[in-house]
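> One structure coming up, written as structure tokens, with questions to follow.
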Amino acid sequence: MSGADNVRVKVNPEACMGIGQCEMLEPDVFIVDDEGMAHVVEGSVVTNERALELIDRCPSGAISIDGNSVDDPADDPADNSADDASDAAG
Ligand code: SF4
């Protein structure tokens, strides 16, 4: 084990407000498109610590960790952690 625990992150499209904070912090991981929607670059990973920071910095709470550590081959896309966009303003 290498110590650094890398994870994938994902963006909840219903919560994202396209502010671009994520893209500013991690331009290799996030891209905000013309419609103001952030996307995660396919295959990109960040350390678990960085992921928590990104989650904390997203003003709309749209970012979350996607599944478990990428070291785990049992990548289960059915893992839907309920990301309620209840109070996210458009
Ligand atoms: S920081 Fe959050 S709200 Fe802003 S573009 Fe990224 S995911 Fe969307």
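The values are calculated or read from the model by the stated rules, or taken from the named source; none is laboratory data. Predicted model only: the values in this text are computed from it and were never measured. Every residue, glycine as well, gets a Cβ built from its backbone with ideal geometry; the counts of neighbours run over all protein chains shown.
> Among the residues of the range 45-62, count how many are within 13 Å of Val11 (Cα to Cα) and in contact with an Asp or Glu (Cβ under 7 Å, 6 or more places away or on another chain).
1
> Report, by residue number, each residue of the range 14-28 that is touching a residue at least 24 places away in the same chain (Cβ under 8 Å), near the ligand (Cβ under 9 Å from one of its atoms) and either out of contact with any strand residue (DSSP E or B) (no Cβ under 7 Å at 6 or more places or on another chain) or not in a helix (DSSP H, G or I) (or both).
Ala15, Cys16, Met17, Ile19, Gln21, Leu25
> Scan the range 30-62 for residues that are near the ligand (Cβ under 10 Å from one of its atoms), of a type in the set (Val, Ile, Thr) and under 10 Å from the mean Cα position of the chain (by Cα) and jot them down.
Correct list: Val40, Ile55.
> Follow-up. Take Asn12 and tell me if it is modelled with pLDDT under 95 and among the polar types (S, T, N, Q).
no
> Kindly indicate the residue of the range 1-13 that is surrounded by fewer than 17 Cβ atoms within 10 Å (Cβ to Cβ) and in a loop (DSSP other than H, G, I, E, B) and also nearest to the chain's Cα centre (by Cα) among those meeting that condition.
In this case the residue turns out to be Pro13.
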